[in-house]
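The values are calculated or read from the model by the stated rules, or taken from the named source; none is laboratory data. For clarity, every value in this text was computed on a predicted model and none was experimentally measured. As a convention, Cβ positions derive from the backbone with ideal geometry for all residues, glycine included, and neighbour counts pool all protein chains shown.
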Amino acid sequence: MQPTRNFSAKKLGSLPAFNRSLEEANRELAAGNEKLLREIGERRRAQQELLEADHRKDDFLAILGHELRNPLAPIRVAIAILQRYGPDDPRDRFACAT
């Protein structure tokens, strides 16, 4: 962006010259606005991608936590059954004690 211009008619000399300066300033502003709108769109897309990645991470961690807890349940049940009915094999007694 260029610094603010002084658009006094005395400095420009005539009304057509003043209009040309205003038109040029409008074109520059329009180009700047287009650039800003593109950048805003890019930032919104990037933010959406980050939110989706964060959601996928949360889902993964939830599934991982569930999978890490669940395999222990059948092992606990088997040990409880062995403890309830008394293990006959010394290896079973060792497993239950551990």
Qualifying residue in segment 37-46 (condition: of a type outside the set (A, V, I, L, M), at pLDDT below 95 and assigned to a helix (DSSP H, G or I)): no
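Looking at segment 64-72, is at least one residue exposed (fewer than 10 other Cβ atoms within 10 Å of the Cβ) and either in contact with a His (Cβ under 7 Å, 6 or more places away or on another chain) or not in a helix (DSSP H, G or I) (or both)?
Step one: filter segment 64-72 for residues exposed (fewer than 10 other Cβ atoms within 10 Å of the Cβ), giving 66-72.
Those left that are additionally either in contact with a His (Cβ under 7 Å, 6 or more places away or on another chain) or not in a helix (DSSP H, G or I) (or both): 70-71.
Yes, the conditions are met somewhere in segment 64-72.
Could you check segment 25-43 and list, in sequence order, the residues that are surrounded by 12 or more Cβ atoms within 10 Å (Cβ to Cβ) and without any contact (Cβ under 8 Å) to a residue 24 or more places away in the chain? So that I can check it myself, show each step before the final result.
Narrowing segment 25-43 to residues surrounded by 12 or more Cβ atoms within 10 Å (Cβ to Cβ): 25, 28, 32.
The one that is surrounded by 12 or more Cβ atoms within 10 Å (Cβ to Cβ) and without any contact (Cβ under 8 Å) to a residue 24 or more places away in the chain: 25.
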From 64, 22, 50, 82, residue being more than 30 Å from residue 97 (Cβ to Cβ) and either in contact with a Cys (Cβ under 8 Å, 6 or more places away or on another chain) or modelled with pLDDT of 95 or more (or both): 50
